[in-house]
Amino acid sequence: MWAKQEEREYCFISVQSSIYTTTEVNANLSYEMWAEKYRPKKLNEMMNQTEIVERLKSFVKNRNVPHCIFAGPPGTGKTTAALCLARDLFGEGYREHLMELNASDERGISVVRERVKTFARIKSIGETPFKILILDEADNMTSDAQQALRRTMERFSESCRFILIANYSGKIIEPIQSRCAPFRFTYLSRTDQDKYLCSIAEKEKVKLQPDGLEAIFEVSGGDLRRALNALQAAASLGKPITTDMVYSVIGRANPADIREMLNLAMKGDFITSRQKLREMILKYGVSGNDIIRQVHIEIFKMKDVPERWKIKLADITGEVDFRLVQGADEEVQLSSLLARLVEAGHDIKHEH
Amino acid sequence: MHAAWTVKHKPRSLDEVVGNDEPIQRLLTWVKSWEKHVPKKRAAFLYGPPGIGKTVTVEALANDLNMELVERNASDYRTESAVQKFAGLASQSGTLFGKKRLILFDELDGLTGREDRGGVGAIIQIVKAALVPMIVIACNAYDPRLSSLRFYCETIEFKKPAAGVVMTHLKRICDREGIKADESALKFIAQRSEGDVRSAVNDLQALAQGKQTLTYEDVSWLAYRDRKEVIFNVLRLVFYGKSADQAKHAVDMADVDPDMLFEWIYENLPHHLRDPHDLADAMNSLAKADLYRGRIAKTQNWVLTRYVIDFMTAGVAMARRRTQPAGFVPLRFPERIKMLSKTRAERQMQSAISSKIKKRCHISATRAKKEILPYVRIIFEDNAQNAAEMAKWLDLDEAMIEYLAASKKQTKAIVKNLSARQ
């Protein structure tokens, strides 16, 4: 798992104070998000998900691509793999044969269907007789919308191949799953991520300390986009990147600190805890679903909560989750959960 | 030096009384008829909602006709014996100085309880024997306790004057006080008073006293101030109500819609129910009320509203089992409502920037907002040079740069960098 010694030393071929040199190098270039700037262009450039890449390469070789589902956690290369596949298939003019849609942003299935229809209707000319449609965040579609999508996929399967991208393949309806070749993406290993970050740090002339590198893995957990964003934001200060800097950046990027909110409630401070929740929702626009998902994870990580209580709290979390589906208010429901935590904290203290 | 304007600017003559022209005319005719002979009904019963000028009319009338007004109100005739004291006054037709006398029994609604019943009987006795005009005033003429009295009286109904009429009065006061008032401001006060001239004048004084001018902005906050007292009592019922029914009554008392009442309860609840168990139960109840709101929104089944009411009032009240009452707990305005409007612009800005990021980063705007925007913000705060280049890459406008940079100084630095590049 750990990076080899040579690779780690690789990181230190860096320059003094990076900020000036960065601008020298990039004087005429725009400053992009590194996750975009260093996004692999071809399948050959992808350094992880080796088995998947090999299979995709064979599609290119045979000039045939089935409908696919790319499932896996964020920042593991799903969109990149799809884009690389398209580029390898169609060459530099790949944009004409490719359409990227995002299920979260397009309004309703009717829009998706309309756009797919206009795109898929005209056949591709050239070596590859079909186009590719990437539907990102497909697991955010309702099952009704997915049913409609299934029919669209069947109708145009001659001229258009779909790559559905999802975090959870389980949220894709069975009939679509059975029509698609599944690809399961996994988090990057520490070694892979370190190698990648070091190579970028070198290109960007950023001094990345070993402890900084470790901290980035700690906070990103193998989500490469998150790792790169953290690296880039930390680098914007123009100093060598250390553990403290990484955590400070992450703290600033995530003022919505779920753990802090829960701890406040456990300590009995309902009002401040609710205030945190309110800021998350109103100021930072975090959705109730995201909060509840993280709360659910955090509950099982909390050290001073007896195991017996964890399952009780999970029950309440589930109830809140279901109520949100029924159209209840995020803040009110979640703060009722916080009130239960206040109660739990109180009872736990008095049990001992 | 600051007399109440309701007193200071009270109409001295019937000409100055606003509204109710027809009832006033009837009253005048009836009083004048006493000059010829004692009419069949020896008392006039004026009734109508509070603050519309019933008492003022009688006072102005006595003034106009140069009569001596003998005025009594509720506290003066609680019992039969107390009322008997006026019997003598009513049976004498004039004063020592030859002035005609007019007897007024005001605020008859104030008669309550068993003892006061005798009081009504005594008033009837006086009316029957009266040798001078008597006027009785009540808000509700159809109060069963007053039904026998009504039989001996000429009943005259006073109605709420229209907003325009109330405005005339307010305008006159402003003229006398030397205040230049906007028409719209006076209109707002008049409309809000719903015909209650007295409360309109009180409001005017509260808002305009000591000012040269009165604008609409000066008065628009009134809607809130007034509500505050009502809401305070309503919340007391919800947080301290002894029975479920009593707590439910809060909704009838509140002059805000149930959704807004919900926000008030939600905001103030943790300050009143401080025991952890009570708090959890009360919040649970509130969450249930909210769940029903969600169901209503989804199904449009408004019948479910009654359960919203149950849980947000009675449910909260009944959750109180261990919390001891504390001293005065100040009322808090629903912070969420304020924040919602304050942060709206911010959220719109975030969405606009996220759409720009989406174009560049193969990611939905929703996720861009969550996963990329926070880091872009850090770059903008920390490094003007990189920020300028990134602004170009993302095609951000100056407002967006300003939002991301978070300070004027940094914005300037970024913009300077950007223009140096172009």
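Please work out if B:Thr299 is β-branched (Val, Ile, Thr) and open to solvent by less than 60 Å² (accessible area, probe 1.4 Å).
Working: β-branched (Val, Ile, Thr): yes; open to solvent by less than 60 Å² (accessible area, probe 1.4 Å): no.
Considered against the rule, which asks whether it is β-branched (Val, Ile, Thr) and open to solvent by less than 60 Å² (accessible area, probe 1.4 Å), B:Thr299 comes out as no.
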Practice prompt. Name, by its number, the condition in (1) open to solvent by less than 70 Å² (accessible area, probe 1.4 Å); (2) in a loop (DSSP other than H, G, I, E, B); (3) closer than 21 Å to A:Asp269 by Cα that does not hold for B:Val256.
Written response: (3)
Worksheet item: Any residue at all in segment A:62-75 that is more than 20 Å from the chain's Cα centre (by Cα) and over 17 Å from A:Met153 (Cβ atoms)?
Response: yes
Discussion item. Return the pair list, or none, for Cβ contacts closer than 8 Å from residues in segment A:277-298 that are closer than 19 Å to A:Arg323 by Cα to residues that are assigned to a helix (DSSP H, G or I) and basic (Lys, Arg), at least 6 apart or on different chains.
Written reply: A:Arg278/B:Arg336; A:Val286/B:Lys370; A:Asp290/B:Lys370
Worksheet item: Given segment B:271-334, what helices (runs of 4 or more DSSP H) lie entirely inside it while holding 1 or more residues that are of a type in the set (D, E, K, R)?
Response: B:276-299, B:305-309
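Residues of segment B:309-363 being acidic (Asp, Glu) and within 23 Å of B:Met390 (Cα to Cα), which ones? Working first, answer last.
Start the filter on segment B:309-363 by keeping residues that are acidic (Asp, Glu), which leaves B:310, B:335, B:346.
Of everything in segment B:309-363, just one residue is acidic (Asp, Glu) and within 23 Å of B:Met390 (Cα to Cα), namely B:Glu346.
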Worksheet entry | From the options B:Ala62, B:Ala4, residue that is under 19 Å from B:Leu170 (Cα atoms) and touching a residue at least 40 places away in the same chain (Cβ under 8 Å) | B:Ala4
Worksheet item: Across segment A:304-331, which residue is farthest from the other protein chains (Cβ to nearest Cβ) among those that are of a type in the set (Val, Ile, Thr) and open to solvent by 30 Å² or more (accessible area, probe 1.4 Å)?
Response: A:Ile311
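Can you find a residue in segment A:288-303 that is open to solvent by less than 40 Å² (accessible area, probe 1.4 Å), closer than 27 Å to B:Thr299 by Cβ and in contact with a Gly (Cβ under 8 Å, 6 or more places away or on another chain)? Spell out how you get there, then give the answer.
Taking segment A:288-303 and keeping what is open to solvent by less than 40 Å² (accessible area, probe 1.4 Å), we get A:288, A:290-292, A:295, A:298-299, A:302.
Next, only the ones that are closer than 27 Å to B:Thr299 by Cβ stay: A:288, A:290-292.
From what's left, in contact with a Gly (Cβ under 8 Å, 6 or more places away or on another chain): none.
No: zero hits.
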Worksheet item: Can you name every residue in segment B:358-373 that is under 48 Å from the mean Cα position of the chain (by Cα), surrounded by 20 or more Cβ atoms within 10 Å (Cβ to Cβ) and assigned to a helix (DSSP H, G or I)?
Response: B:Ala365, B:Arg367, B:Ala368, B:Lys369, B:Lys370, B:Glu371, B:Ile372, B:Leu373
Discussion item. Pairs needed: first member in segment B:290-314, away from chain A (no Cβ under 12 Å) and closer than 22 Å to B:Tyr240 by Cβ; second member anywhere, among the acidic types (Asp, Glu) and open to solvent by 30 Å² or more (accessible area, probe 1.4 Å); C-beta distance under 6 Å; at least 6 residues apart or different chains.
Written reply: none
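For segment A:39-154, which helices (runs of 4 or more DSSP H) that fit wholly inside it have 3 or more residues that are of a type outside the set (A, V, I, L, M), closer than 30 Å to B:Ser354 by Cα and open to solvent by 60 Å² or more (accessible area, probe 1.4 Å)?
Values: elements: A:50-62, A:78-90, A:108-121.
The qualifying helices (runs of 4 or more DSSP H) are A:108-121.
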Worksheet entry | Selection from segment B:383-422 of residues that are at the interface with chain A (Cβ under 7 Å from one of its Cβ atoms) and open to solvent by 50 Å² or more (accessible area, probe 1.4 Å) | B:Gln385, B:Lys392
Worksheet item: Does B:Ser243 fit the bill of being among the small types (Gly, Ala, Ser) and in contact with a Gly (Cβ under 7 Å, 6 or more places away or on another chain)?
Response: no
Discussion item. I need the full set of residues from segment B:318-341 which are touching a residue at least 12 places away in the same chain (Cβ under 8 Å) and facing chain A (nearest Cβ under 9 Å), in order please.
Written reply: B:Glu335, B:Arg336
Fill in: Within segment B:342-357, considering residues that are open to solvent by less than 60 Å² (accessible area, probe 1.4 Å) and small (Gly, Ala, Ser), the one farthest from the other protein chains (Cβ to nearest Cβ)
B:Ala352
Worksheet item: What is the one condition in (1) more than 15 Å from A:Trp34 (Cβ to Cβ); (2) in a helix (DSSP H, G or I) that A:Leu197 does not satisfy?
Response: (1)
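Could we say that A:Lys195 is within 13 Å of chain B (Cβ to nearest Cβ) and either open to solvent by 50 Å² or more (accessible area, probe 1.4 Å) or of a type outside the set (Phe, Trp, Tyr) (or both) here? If you could, list the steps in order and put the result at the bottom.
Numbers: within 13 Å of chain B (Cβ to nearest Cβ): no; either open to solvent by 50 Å² or more (accessible area, probe 1.4 Å) or of a type outside the set (Phe, Trp, Tyr) (or both): yes.
No, not satisfied.
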Worksheet entry | Filtered residue count, segment A:198-224, keeping only those that are modelled with pLDDT of 90 or more, over 14 Å from A:Gln49 (Cβ atoms) and within 14 Å of chain B (Cβ to nearest Cβ) | 4
Worksheet entry | helices (runs of 4 or more DSSP H) lying entirely in segment B:4-98 (those with 1 or more residues that are at pLDDT below 85 and open to solvent by less than 60 Å² (accessible area, probe 1.4 Å)) | B:5-8, B:80-84, B:87-91
Discussion item. Condition first: closer than 16 Å to B:Ala352 by Cβ, part of a helix (DSSP H, G or I), modelled with pLDDT of 90 or more and acidic (Asp, Glu). Now tell me which residues in segment B:374-422 satisfy that.
Written reply: B:Glu402
Worksheet, complete the sentence: Here the residues within segment A:242-277 that are within 10 Å of chain B (Cβ to nearest Cβ), crowded, with 18+ Cβ neighbours inside 10 Å and under 24 Å from the mean Cα position of the chain (by Cα) are A:Val249, A:Ile250, A:Ala253, A:Ala256
Discussion item. Looking only at residues that are under 15 Å from the mean Cα position of the chain (by Cα) and under 21 Å from A:Ala86 (Cα atoms) in segment A:165-185, which one is surrounded by the fewest Cβ atoms within 10 Å (Cβ to Cβ)?
Written reply: A:Arg184
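The values are calculated or read from the model by the stated rules, or taken from the named source; none is laboratory data. Note that this is a predicted model, so its numbers are computed, not measured. In this analysis, Cβ positions are derived from the backbone assuming ideal geometry, glycine residues included, and neighbour counts consider all displayed protein chains. The protein model used for the area step is the full one, side chains on, heavy atoms only, and it has no ligands, DNA or RNA in it. Shrake-Rupley method; radii C 1.70, N 1.55, O 1.52, S 1.80 Å.
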